[in-house]
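Working notes for the structure below.
The values are calculated or read from the model by the stated rules, or taken from the named source; none is laboratory data. Nothing here was measured: the structure is a model prediction, and the numbers come from that model. Virtual Cβ from ideal backbone geometry, glycine too; neighbours counted across all protein chains shown. Protein only, heavy atoms only, side chains kept; ligands, DNA and RNA dropped before computing areas. Shrake-Rupley method; radii C 1.70, N 1.55, O 1.52, S 1.80 Å.
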Amino acid sequence: MTLIAAVDKNWAIGYENRLLTRIPEDMKNFRRLTTGKTVVMGRRTLESFPNAVVLPNRTNIILTRNKDYVVRNGIVVHDLEGLKESLEGTPDDDIFIIGGQSIYKQLEPYCSKAIITKIDFGYQADAYFPNLDEKENWVLTDESDESTYFDIVFTFNTYINNDVKGL
């Protein structure tokens, strides 16, 4: 499984259930990587999308403790066992964990790769991604050249987990 996120220089990912910023090149990269694949997210992440509608052209799995939660065109699971069952038969490389904070934290040990857009700015935030630079098992294997969008400087980074746990 692959974690995918855009983080600021403090590994922040959101504020008040919204992304910190929208960078067209990052959004395009996200679509390119996840279209036709399976995305796993929490309820609040889904509810942050326009009209709380699942992402098109992907299998959307929503992990929530709310047993009554229903999503049109999405699969709702309530625990890791339900997630494991829903992912059965799906190649590991076709599964992307897309947030939010608690989902990233819960599933990070089970992911073999992370694709992180790092933004060289510190935003006001209330949601964070695990700081992979501080984790011994995560190794930065690729970093793009710096890009800019107006005054926002960012890089695309790939990390590999050398100690993946089985889901």
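The relative contact order of the chain comes to 31 percent, based on Cα pairs under 8 Å that sit 6 or more residues apart.
A straight Cα-to-Cα reach below 27 Å connects LYS37 with the lysines LYS28, LYS67, LYS84, LYS105, LYS113, LYS118, LYS165, residues fewer than 8 places away in its own chain not being considered.
The trypsin sites (Lys or Arg not before Pro) of the range 8-112 meeting both criteria, a DSSP state outside H, G, I, E and B (loop) and at most 15 other C-beta atoms within 10 angstrom of the site's C-beta, are LYS9, ARG22, ARG65, LYS67, ARG72. Overall, the accessible surface of the range 1-114 at a probe of 1.4 angstrom is composed of carbon and sulfur to the extent of 45 percent. In this structure the chain gives 57 Å² per residue of accessible area when probed at 1.4 Å with all protein chains present.
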